Amino acid sequence: MTKQTILNATHRAAGAKMVDFGGWDMPLNYGSQIEEHHAVRRDAGMFDVSHMTVVDLRGAHCREFLRHLLANDIGKLKKSGKALYSCMLNERGGVIDDLITYFLTEDWFRMVVNAATRDKDLAWIEKQAVAFDVKVTERPELAMIAVQGPNARAKVLALLDAGERERVEKLSRFAATEAHGPGGMPLFVARTGYTGEDGFEIIVPEENAAALWNALAAAGVHPAGLGARDTLRLEAGMNLYGQDMDEGITPWEAGLAWTVSLDEGRDFIGRAALEKQQAGGVPRELIGVVMDDKGVLRHGQRVVTGQGDGEILSGIFSPTLGKAIAFARVPAGARGDLRVDIRGRELPLRVVKYPFVRDGQPCEGV
């Protein structure tokens, strides 16, 4: 049975086009996906991300457990509220999921994992936690709203308790704090996001979610659906689990080497496999490509290179750039004379550094 977030009725009342997304009934758009995309790039938009799974970890050995579980080094988190993006790997070095972990106290860390991978993530985390005597608690009673865009922070700050605004305003990127919103509702406000724009991801009790959503709408924040979220995140050069990486792909092959910490003396799950692949030569890599010809790049299209075939991973028509962009996985080192096979026609691709868009503007070379 398809699951619903607490905001499902709110979306339907607003005329949202609803679709199945990883077993959840979610809004694709509220009318114009392009307008929603531009609203986030130019002003402020909000997304219901309550389908994401919030997991609290508690116990005296939480930090030791996370040093073992994650490919990135949790030791980087020294100040309460700071967050870390990391992959959680299997023994073969494949990506079980990519996630964010927040350090709250030495015996309390919070994780946010992807909706489509919820069941396998929880099973894996709980299995690994046993040896460290860490208690794993899913928090289904919490909803989550992402508010993104150049004016997002100002519009959220205006809704907060006046005595807390300055503290929240000073939050650095990838940091979180507790605060109070309209009517005194408790909020967990994180300066994180999945669009390439500044803003917050706000965790709120389910019973307050609709009131917060409506208050944001009244403040001029535009509702946006999954369609705009996908075009925004790809323009920003951000991976999507299941399309750009999965359990058969290592971080080296997914453009996520920056999330791996091979710090001395830490034997995290999948480390041996990563070191072996690195030593032997990583066979494939993720690159950014642009198609200057008319057309759309889509997942699964064949990429022809002089070193063998690759494939398009995430691909979209970029509303900001007015052309097709994509991630592609190709044989390592393939850069020149790349072409994409679109219904039997081979069209040229240009390799570019990603992100494709930063601060609402095309990046150099795109």
Run the quick spin-label model on W108 and K294: label points 7 Å from Cα toward the beta carbon, then report their separation in nm to one decimal. 5.8 nm
Can you compute the charge dipole magnitude of region 283-366 about its Cα centre, using +1 on each Lys and Arg Cβ and -1 on each Asp and Glu Cβ, nothing else charged? Give it in debye, rounded to the nearest 20. 120 debye
With the convex hull built on the Cα atoms of region 283-366, state its orientation-averaged projected area in nm². 5.1 nm²
What residue among A115, L187, W258 has its Cα farthest toward the positive end of the dipole of the chain, where the charges are +1 on Lys, Arg and -1 on Asp, Glu, each on the Cβ? W258
Compare the Cα positions of L142, P319, G237 along the charge dipole of the chain (+1 at Cβ of Lys, Arg; -1 at Cβ of Asp, Glu; about the Cα centre) and return the one farthest towards the positive end. P319
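Determine the equivalent ellipsoid of region 123-241 by diagonalising the alpha-carbon gyration tensor, then write out the semi-axes as square roots of 5 times the eigenvalues, largest first, rounded to whole Å.
Numbers: eigenvalues 130, 81, 42 Å².
Values for region 123-241, descending: 26, 20, 14 Å.
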Quick one: among D97, D20, D48, which has the greatest mean-square fluctuation in a GNM of the chain with alpha-carbon springs under 10 angstrom? D20
Separation of region 29-66 and region 268-289 by C-alpha centroid, Å? 28 Å
Signed unit charges on C-beta, dipole axis of region 1-99, positive-most listed residue I74, P27, N90: I74
So what is the orientation-averaged projected area of region 103-172, using the convex hull of its C-alpha atoms, in nm²? 6.9 nm²
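Counting Lys and Arg as +1 and Asp and Glu as -1, each charge on the Cβ, what is the dipole of region 125-198 about the Cα centre in debye, to the nearest 20? If you can, show how the numbers build up before the last one.
On the way: 10 positive and 11 negative charges, 36 e Å.
Rounded to the nearest 20 debye, it is 180 debye.
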Given Cβ point charges of +1 (Lys, Arg) and -1 (Asp, Glu) and nothing else, what value in debye, to the nearest 20, does the dipole of the chain about its Cα centre take? 600 debye
Of the DSSP beta bridges with both residues in the chain, give the percent that are antiparallel, rounding to the nearest 5. 95 percent
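Restricting to Cα pairs below 8 Å that are 6+ residues apart, what does the relative contact order work out to for the chain? Please round to a whole percent. Walk me through the intermediate numbers first.
Details: 848 pairs, mean separation 64.6, N = 366.
Relative contact order comes out at 18 percent.
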Hits among aspartates and glutamates - C-alpha to C-alpha of K79 under 16 Å, sequence gap 8 or more where chains match: E106, D107, E178
Using C-alpha positions alone, give me the convex hull volume of region 251-324 per residue in cubic angstrom. 123 Å³
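Compute the whole-percent fraction of alpha carbon pairs in region 1-97 spaced more than 18 Å apart. Write down the numbers at each step before the final one.
Details: 2974 of 4656 pairs.
Result for the distance tail: 64 percent.
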Looking at the chain as a GNM with Cα springs under 10 Å, which of E35, E275, E138 has the largest mean-square fluctuation? E275
Go through region 229-298 and name the trypsin sites (Lys or Arg not before Pro) that are in a DSSP coil and have 16 or fewer other Cβ atoms within 10 Å of their Cβ. R266, K294, R298
Along its principal axes, what span do the Cα atoms of region 1-281 show, with the longest given first and each in whole Å? 53, 37, 35
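Only the coordinates and a few stated rules stand behind these numbers; no lab work does. What you are looking at is a predicted structure, and each value in this text was computed from that prediction instead of being measured. As a convention, Cβ positions derive from the backbone with ideal geometry for all residues, glycine included, and neighbour counts pool all protein chains shown.
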